[in-house]
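*Asks:* Encoded as structure tokens, here's the structure I'll be asking about.
The values are calculated or read from the model by the stated rules, or taken from the named source; none is laboratory data. Computed from a predicted structure; not experimentally measured. Here the Cβ is made from the backbone with ideal geometry for all residues, glycine too, and neighbour counts use every protein chain on show. Accessible surface is based on the protein model in full, side chains and every heavy atom, while ligands, DNA and RNA are left aside. Shrake-Rupley method; radii C 1.70, N 1.55, O 1.52, S 1.80 Å.
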Amino acid sequence: MTQPCAHIIDDDEAIRDALQWLFKTRDVACATWPSAENFLAALQPGWRGCVVLDIRMEGMSGLECFDVLRQRGNQLPVIFITGHGDVPMAVAALKKGAFDFIEKPFNDSDLVDIVTRALEIDANNHRAETTRETVETRLALLTAREQEVMELILAGKFNKVIADDLCISMRTVEAHRSKVFEKMEVRSAVELAQLVNLVRNRPPH
Amino acid sequence: MSPPQTTALSVRQRWLTAVPYLTVLLFLVVIAALVWFTRSYDEEEQRATLISDVLWMEQNLQFKLERNASQLAQIGQEILAADRHLPQTSAALRQLVRAENGLVRVMWLDAEGRLKGALPPIGEGEMLGEQLGEQSAANLRLAQALERRVYGQVYAAAGDRLQFEVHVPIYAENGFVGAMIGVYSLHDLVTHDLPWWFAERYRVSVLDSDGHELVAKSKVAPLSDRQSYTMAFDPPGGGLTLQVTAYQGETRWVQVLLIGSILLLGGILVWSVLQLRRELQRRHRAEQALRSESLFRRAMEDSMLTGLRARDLDGRITYVNPAFCRMVGYSAEELIGRTPPMPYWDPEFLQQTQDIHDRVLRGDASPEGFEIRLRRKSGERFDALIFEAPLIDAAGRHTGWMGSMLDITAQKRAEELARQQEERLQATSRLITMGEMASTLAHELNQPLAAIASYNTGCINRLEQPEIDRSELKDIFDRIGRQARRAGDIIRRVHDFVRRSEPKREPLDINLMIREAIGLIEADSTKRGMRIETELEEALPSVAADPVMIEQVIVNLVRNGMDAMRDNPPARRTVRVSTRREGDTLVVRVADNGTGIDAETGRRLFEPFFTTKAEGMGMGLNICRSIAELHHGRLGFETNPDGGTIFTLSLPVETP
């Protein structure tokens, strides 16, 4: 299951079936699970997409399932479907990092829209994650001296200043700089800064 | 009463009680004084009589002596001076010498003192000297010298007689011619010829100068010499004394009797006063006891909260106690003597009240008492519980009716209030149950509806696309239809539940009932991860019951069971409902594996408003038990051997 999809977890078969049909008509890939336990048992770390969780379920409740997900370090966006009585719980869950909650009875188109957005976010997250991994791989290629030089470049210092700071010649600085640019696959200091910032200042999920 | 009054009264009373004794004492003293006075007066009178009698006797003796001497002188003149012995003279002499005159002998002497004669004549044996001794001669000389008669000393003569003589000198023309001597017997003189009355009254005796008794009229000695009188006996003189002593007069019985009877009566008087006093004290004590008893009873009646009312056989009020007056608001004066209709009867129920009254008077009143609505003077109505009993007087006669009345308005109001409260609570509980049920059902209803909506949105999405797969859509519409029916089923169940709100009693298949009840809860139970298992005995007889109520009990018990297992692991989340026939009852058991019920909770479990749940009202089990009891059944609980609690609902089997 490498394709991103919406995981619908609901103990009511009719709901599962209806949502599956709905998502199908909007070309949203989805998978259905009769219980949280089933889903958690099958869950793999690489799965992409989002989770649509019913709060009140036989067995493990939606909230419990959410907690387990987060404990496992899974960052899939979670959308809660909630009955009227569960709203405070859903809000609390939202504060803990749930993507959204939607109250029953819901507007199905809204639900699909939310799910679509969640899938996009997840995809973005996934992309950002991938970029970060690339940058980190490239950073790992740098020698200690090259890293020193890079930090100073990121601090916006000129080559001359860098040479003074490191007590090396301007030429040596030039050599390190071109090496850093080469290894980091960038053409300018600005590009370098953007790339490194991706790693150092992680955007919030 | 204040102490001073008591003292004053007791002083007065003491005086009053002492007066009879004082009077009796005074009476006796006066009587004694009177008797003494009478006696002494009598004695004085007796003494005066005695003295006059003695004087009379003395005078009589003197007179006799004087007359004898005169006779002697006369006869002496005849026989000495005239010297003639006429027959008349002899007759006179004989006449003289008689015992009545006290003379035993008369002698006459001549001038020389020679005896000239004597009558009776002196016998041969008699010595002359005896008559004419020295003494006699001296007397004779003295008489001659004095020329008058002389009495001699008393001397003893033969035959123990005491005698004395009188010498009477006789003179003629030629002078002294002789003397007549009369010899007196002292005894005869004194005792003879005393009148009978004198002899009866007095003892007469002659004493010599030494006080020796010489002669006495009787040998019997008087008992007392208190009443005696002594006087000189002169003549004959010579120190003789005449003593007259009254005989102890015959006892004066009348007086003795009088005194005796007075003493007796006085004694009786004292005794009767004492008896009277004792009787009085006894009466006083009895009266005191009666008064304190009466006061005690009065205090009891007055302090009673029960109204008391006595009526005679005609229904006329003869007595009411303060509690009764307080209850009806009329004073005792306004009520006593009243006949029906009474002022405190409620005009609205006049006929009924009159009927009850008549029944009481006929003696048909129920011994359990009867309730009646009455009206106070203020117009306020109140409910009274009245017990009527025949009033039997001390003689055992039935004289009327005694009624005791309790104001039960507050009690009735409280009962009514409690009943209304119970009804309201039942209704509230029912509403809550229904509310919860509705909430659950609404939630359940959400599922098919949400599914329908989703199918529907999907269909619309499809319809917006250029190509339509009809078979695909048909399949989806089928599913929509199924979900719509599912929703319809839920709504029908709600409708069924709500529709059966009228309580009724009908033959009930308990198993069917339980299945329906579980059907109601099932959705909730699956949501909560609970299982409900049934173990229903087949072919059970029906029970007469209100299905809604019994359903409510079962729903409640199953819900309680589920609540008790809230914290259980999923494997131990089963409520087991079983039915069994046990003799004449059907027993429904609802068992859970929950936390169980501790002793304290168990004791208070059925109390209204006792709950162990944060959101509970504490009415559920109370109402359940009421329902069980309403069906003559019982609701209990026991500890589940598998852990948790078993609630048991027993209902009596309907007998055909």
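*Asks:* Among all residue pairs at least 6 apart or on different chains, which show Cβ distances below 7 Å where the first residue, located in segment B:338-366, is touching a residue at least 40 places away in the same chain (Cβ under 8 Å) and farther than 16 Å from B:R381 by Cα and the second is small (G, A, S) and surrounded by fewer than 16 Cβ atoms within 10 Å (Cβ to Cβ)?
*Replies:* Final answer for the pair search is none.
*Asks:* Something else about it: Here is a check on your reading of the model: is B:R462 touching a helix residue (DSSP H, G or I) at 6+ places or on another chain (Cβ under 8 Å), open to solvent by 40 Å² or more (accessible area, probe 1.4 Å) and within 14 Å of another protein chain (Cβ to nearest Cβ)?
*Replies:* On the way: touching a helix residue (DSSP H, G or I) at 6+ places or on another chain (Cβ under 8 Å): yes; open to solvent by 40 Å² or more (accessible area, probe 1.4 Å): no; within 14 Å of another protein chain (Cβ to nearest Cβ): yes.
Criteria not met by B:R462.
*Asks:* Can you name every one of the strands (runs of 3 or more DSSP E) wholly within segment B:508-589 that holds 3 or more residues which are crowded, with 17+ Cβ neighbours inside 10 Å?
*Replies:* Working: elements: B:531-536, B:543-545, B:574-582.
Correct list: B:574-582.
*Asks:* Let me ask something additional. For segment B:499-519, state whether one or more residues are within 14 Å of another protein chain (Cβ to nearest Cβ), in contact with a strand residue (DSSP E or B) (Cβ under 9 Å, 6 or more places away or on another chain), within 30 Å of B:N568 (Cα to Cα) and modelled with pLDDT of 85 or more. Break it down stepwise before answering.
*Replies:* Residues of segment B:499-519 within 14 Å of another protein chain (Cβ to nearest Cβ): none.
Within segment B:499-519 (the criterion being within 14 Å of another protein chain (Cβ to nearest Cβ), in contact with a strand residue (DSSP E or B) (Cβ under 9 Å, 6 or more places away or on another chain), within 30 Å of B:N568 (Cα to Cα) and modelled with pLDDT of 85 or more), the answer is no, since none of the residues qualifies.
*Asks:* Would you please list the contacts, defined by Cβ atoms under 9 Å and residues six or more apart or on different chains, that run from a residue in segment B:54-66 that is at pLDDT below 85 to a residue that is open to solvent by 20 Å² or more (accessible area, probe 1.4 Å) and in a helix (DSSP H, G or I)?
*Replies:* B:K64/B:E100
*Asks:* Please specify each residue of segment A:2-28 satisfying the condition of being away from chain B (no Cβ under 11 Å) and either open to solvent by less than 50 Å² (accessible area, probe 1.4 Å) or not in a loop (DSSP other than H, G, I, E, B) (or both).
*Replies:* If we filter segment A:2-28 for residues that are away from chain B (no Cβ under 11 Å), which is where we start, we get A:2-7, A:9.
Answer for segment A:2-28, where residues must be away from chain B (no Cβ under 11 Å) and either open to solvent by less than 50 Å² (accessible area, probe 1.4 Å) or not in a loop (DSSP other than H, G, I, E, B) (or both): A:C5, A:A6, A:H7, A:I9.
*Asks:* Here is a further query. Filter segment A:53-88 down to the residues that are part of a loop (DSSP other than H, G, I, E, B) and free of Cβ contacts under 8 Å to residues at least 40 places away in the same chain and list them by number.
*Replies:* Step one: of segment A:53-88, the residues part of a loop (DSSP other than H, G, I, E, B) are A:55-61, A:72-77, A:83.
Matches in segment A:53-88: A:I55, A:R56, A:M60, A:S61, A:R72, A:G73, A:N74, A:G83.
*Asks:* Something else: Going through segment B:428-444 one residue at a time, which ones are among the β-branched types (V, I, T) and either within 14 Å of chain A (Cβ to nearest Cβ) or farther than 12 Å from B:Q552 by Cβ (or both)?
*Replies:* Initially, segment B:428-444 is screened for residues among the β-branched types (V, I, T), giving B:428, B:432-433, B:440.
Passing the criteria: B:T428, B:T440.
*Asks:* Out of B:L162, B:L194, B:L207, B:L189, report the one residue that is of a type in the set (A, V, I, L, M, F, W, C) and touching a Ser or Thr at 6+ places or on another chain (Cβ under 7 Å). Let's see the steps before the verdict.
*Replies:* On the way: B:L162 fails: touching a Ser or Thr at 6+ places or on another chain (Cβ under 7 Å); B:L194 fails: touching a Ser or Thr at 6+ places or on another chain (Cβ under 7 Å); B:L189 fails: touching a Ser or Thr at 6+ places or on another chain (Cβ under 7 Å).
Being of a type in the set (A, V, I, L, M, F, W, C) and touching a Ser or Thr at 6+ places or on another chain (Cβ under 7 Å) holds for just one of B:L162, B:L194, B:L207, B:L189, which is B:L207.
*Asks:* Please work out if B:D475 is more than 8 Å from chain A (Cβ to nearest Cβ), open to solvent by less than 70 Å² (accessible area, probe 1.4 Å), in a helix (DSSP H, G or I) and at pLDDT 90 or above. Spell out how you get there, then give the answer.
*Replies:* On the way: more than 8 Å from chain A (Cβ to nearest Cβ): yes; open to solvent by less than 70 Å² (accessible area, probe 1.4 Å): yes; in a helix (DSSP H, G or I): yes; at pLDDT 90 or above: yes.
Considered against the rule, which asks whether it is more than 8 Å from chain A (Cβ to nearest Cβ), open to solvent by less than 70 Å² (accessible area, probe 1.4 Å), in a helix (DSSP H, G or I) and at pLDDT 90 or above, B:D475 comes out as yes.
*Asks:* If you go through segment A:81-101 one residue at a time, how many are within 14 Å of another protein chain (Cβ to nearest Cβ) and either in contact with a strand residue (DSSP E or B) (Cβ under 6 Å, 6 or more places away or on another chain) or among the small types (G, A, S) (or both)?
*Replies:* The qualifying residues number 4.
Condition check ((1) within 30 Å of B:A32 (Cα to Cα); (2) touching a residue at least 24 places away in the same chain (Cβ under 8 Å); (3) under 27 Å from the mean Cα position of the chain (by Cα)) across all residues:
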| residue | (1), (2), (3) |
| --- | --- |
| B:G260 | yes, no, no |
| B:M304 | no, no, yes |
| B:R309 | no, yes, yes |
| B:D312 | no, yes, yes |
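*Asks:* Let me ask another. Return the pairs, sorted by first residue and then second, in which the second residue is surrounded by 10 or more Cβ atoms within 10 Å (Cβ to Cβ), the first residue lies in segment B:276-300 and is of a type outside the set (D, E), the beta carbons are less than 7 Å apart, and the residues are 6+ apart or on different chains.
*Replies:* Matching pairs, first to second residue: B:R277/B:T17.
*Asks:* May I ask you to verify whether A:D100 is out of contact with any His (no Cβ under 9 Å at 6 or more places or on another chain) and modelled with pLDDT of 85 or more?
*Replies:* On the way: out of contact with any His (no Cβ under 9 Å at 6 or more places or on another chain): yes; modelled with pLDDT of 85 or more: yes.
Considered against the rule, which asks whether it is out of contact with any His (no Cβ under 9 Å at 6 or more places or on another chain) and modelled with pLDDT of 85 or more, A:D100 comes out as yes.
*Asks:* So which pairs qualify, if the first residue must be in segment B:201-218 and on the phi > 0 side of the Ramachandran plot, the second must be part of a strand (DSSP E or B) and surrounded by fewer than 18 Cβ atoms within 10 Å (Cβ to Cβ), the Cβ gap must be under 9 Å, and the two must be at least 6 apart or on different chains?
*Replies:* That search, which allows pairs on different chains as well, returns B:G211/B:T241.
*Asks:* For residues that are surrounded by 15 or more Cβ atoms within 10 Å (Cβ to Cβ) and polar (S, T, N, Q), scanning just segment A:107-133, find the one that is nearest to the other protein chains (Cβ to nearest Cβ).
*Replies:* Within segment A:107-133, the match that is nearest to the other protein chains (Cβ to nearest Cβ) is A:T116.
*Asks:* Just the residues that are open to solvent by 20 Å² or more (accessible area, probe 1.4 Å) and either without any contact (Cβ under 8 Å) to a residue 12 or more places away in the chain or facing another protein chain (nearest Cβ under 7 Å) (or both), please, taken from segment B:447-456. Give the derivation first.
*Replies:* We begin by selecting, within segment B:447-456, every residue open to solvent by 20 Å² or more (accessible area, probe 1.4 Å); these are B:449, B:452-453, B:456.
Across segment B:447-456, the qualifying residues are B:L449, B:A453.
*Asks:* Can I ask one more? Considering each residue of segment B:627-636, count those that are surrounded by fewer than 20 Cβ atoms within 10 Å (Cβ to Cβ) and either in contact with a Leu (Cβ under 8 Å, 6 or more places away or on another chain) or modelled with pLDDT under 85 (or both), and give that number. Give the derivation first.
*Replies:* We begin by selecting, within segment B:627-636, every residue surrounded by fewer than 20 Cβ atoms within 10 Å (Cβ to Cβ); these are B:629-630, B:632, B:634, B:636.
Narrowing the set further to residues that are either in contact with a Leu (Cβ under 8 Å, 6 or more places away or on another chain) or modelled with pLDDT under 85 (or both) leaves B:629-630, B:632, B:634.
Number satisfying all stated conditions: 4.
*Asks:* Output the number of the condition that B:T595 fails; it satisfies all remaining conditions of (1) part of a loop (DSSP other than H, G, I, E, B); (2) out of contact with any helix residue (DSSP H, G or I) (no Cβ under 9 Å at 6 or more places or on another chain); (3) closer than 22 Å to B:R528 by Cα.
*Replies:* (2)
*Asks:* State which residue is farthest from B:I476 (Cα to Cα) when the search covers only segment A:29-47 and only residues that are away from chain B (no Cβ under 13 Å) and open to solvent by 60 Å² or more (accessible area, probe 1.4 Å). Spell out the reasoning first.
*Replies:* Our first condition is that a residue be away from chain B (no Cβ under 13 Å); within segment A:29-47, this holds for A:29, A:31, A:33, A:38-47.
From what is left, the residues that are open to solvent by 60 Å² or more (accessible area, probe 1.4 Å) are A:38, A:41, A:44-45.
Details: A:N38: 26, A:A41: 30, A:Q44: 32, A:P45: 34 Å.
This residue is A:P45.
*Asks:* Of everything in segment B:318-340, what is crowded, with 16+ Cβ neighbours inside 10 Å, hydrophobic (A, V, I, L, M, F, W, C) and farther than 17 Å from B:T399 by Cβ? Give them in sequence order.
*Replies:* B:A323, B:F324, B:C325, B:M327, B:V328, B:L335
*Asks:* Could I ask something else about it? Name the residues in segment B:79-117 that are in a loop (DSSP other than H, G, I, E, B) and open to solvent by less than 20 Å² (accessible area, probe 1.4 Å), would you? Walk me through it before giving the result.
*Replies:* Start the filter on segment B:79-117 by keeping residues that are in a loop (DSSP other than H, G, I, E, B), which leaves B:82-86, B:97-98, B:102, B:111-114.
Correct list: B:G102 only.
*Asks:* Mind checking which pairs have a first residue in segment A:172-189 that is of a type in the set (A, V, I, L, M) and a second that is assigned to a loop (DSSP other than H, G, I, E, B), Cβ under 7 Å, 6 or more apart or different chains?
*Replies:* Pairs that qualify, where the first residue is of a type in the set (A, V, I, L, M) and the partner is assigned to a loop (DSSP other than H, G, I, E, B), are A:V180/A:L142.
*Asks:* Exactly one of these conditions fails for B:G488: (1) open to solvent by 20 Å² or more (accessible area, probe 1.4 Å); (2) part of a loop (DSSP other than H, G, I, E, B). Give me its number.
*Replies:* Here B:G488 meets the rest and fails (2).
*Asks:* OK, next. Out of B:Q352, B:Q281, which single residue is polar (S, T, N, Q), surrounded by fewer than 16 Cβ atoms within 10 Å (Cβ to Cβ), in a helix (DSSP H, G or I) and within 32 Å of the chain's Cα centre (by Cα)? So that I can check it myself, show each step before the final result.
*Replies:* Working: B:Q352 fails: within 32 Å of the chain's Cα centre (by Cα).
Only one candidate passes the filter, namely B:Q281.
*Asks:* Now a separate question. Is it true that some residue in segment B:407-416 is in contact (Cβ under 8 Å) with a residue 24 or more places away in the chain, assigned to a strand (DSSP E or B) and either over 29 Å from B:E629 (Cβ atoms) or open to solvent by less than 30 Å² (accessible area, probe 1.4 Å) (or both)?
*Replies:* Among the residues of segment B:407-416, at least one is in contact (Cβ under 8 Å) with a residue 24 or more places away in the chain, assigned to a strand (DSSP E or B) and either over 29 Å from B:E629 (Cβ atoms) or open to solvent by less than 30 Å² (accessible area, probe 1.4 Å) (or both), which makes the answer yes.
*Asks:* Hey, another quick one. Given the conditions (1) of a type in the set (D, E); (2) more than 9 Å from chain B (Cβ to nearest Cβ); (3) open to solvent by less than 20 Å² (accessible area, probe 1.4 Å), report the number of the one that A:D67 does not fulfil.
*Replies:* (3)
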